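Read the figures in this text as sums done on the coordinates, not as results from a lab. Note that this is a predicted model, so its numbers are computed, not measured. Note: ideal-geometry Cβ built from the backbone for every residue, glycine included; neighbour counts use all protein chains shown.
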Amino acid sequence: MLHIYHRIRIGASTSSKARRVTTTSPRLRTDAAANRARILEVAREALAAEGLGVSMTEIARRAGLGVATLYRRFPTKEELVAEAFAGEMGECADLLDAALSDPDPWRAFCRVIEQVCAMQAGNHGFSMALLTAFPQSTDFTALRERTDRDLAELVRRAQAAGALRHDFDPADLPLVFVANSGLRAAAPEVAPDASRRLVAYLLQAFRADSTRPLPRPARIPLDAVLRS
């Protein structure tokens, strides 16, 4: 009888624990989802304003969570950055798709330069992640390689149409991004307006009717653009 009683008590205890787990699981899932959303919200704000130097510890602190909680949701900084900028990555891919399908090569070229520079001026972290920061991140590596390839194709088309000066080289594009990123670093409060004006100046200089010859291009790798 004692053995039977003991087994009944164990079964009752196990059943009680199962009920407690079942009862609390939805709340745990809700809390986990809320923590994840809070981490991403804080990460987006911090990375956009301050770049990729913001530490995981600082992001956890601003989110009001423990570092262990952050790492349970995002085991590496690369994963957090990729998830935080998933929307921007989609926008960038859509921008390239639209440019390549535009029947006007010059308009397509200008639109990409304008919008990439606007994105760069407004979101320091995404610009760094796309161009330099995480070669080991599959998502950003694929997007970076596609960006290089599609920009070179847009240059080729605009030159073939006679709209872009013949001595423009795809290697000149990092020069544009270097100059533009300097605005964000020096005067973030006016960077969007300053960026639009800078890009307008540059695009006028890139037109085919700007015939004064240029010095030879300087080869600046894209992965060095924002390293400093």
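For this structure, a couple of remarks:
- Residues being under 23 Å from residue 128 (Cα atoms), buried (at least 18 other Cβ atoms within 10 Å of the Cβ) and of a type in the set (Gly, Ala, Ser) - total across the stretch 89-108: 1
- Residue within the stretch 76-84 that is closer than 25 Å to residue 182 by Cα, charged (D, E, K, R) and either in contact with a Ser or Thr (Cβ under 7 Å, 6 or more places away or on another chain) or not in a helix (DSSP H, G or I) (or both) present: yes
- The lone exception for residue 65 - which of (1) under 19 Å from the mean Cα position of the chain (by Cα); (2) not in a helix (DSSP H, G or I) it fails: (1)
- In the stretch 41-62, the residues that are of a type in the set (A, V, I, L, M) and in a helix (DSSP H, G or I): 42, 43, 46, 47, 48, 49, 56, 59, 60
- Looking across 162, 90, one residue alone is over 18 Å from residue 199 (Cα atoms) and either in a helix (DSSP H, G or I) or aromatic (Phe, Trp, Tyr) (or both). It is 90.
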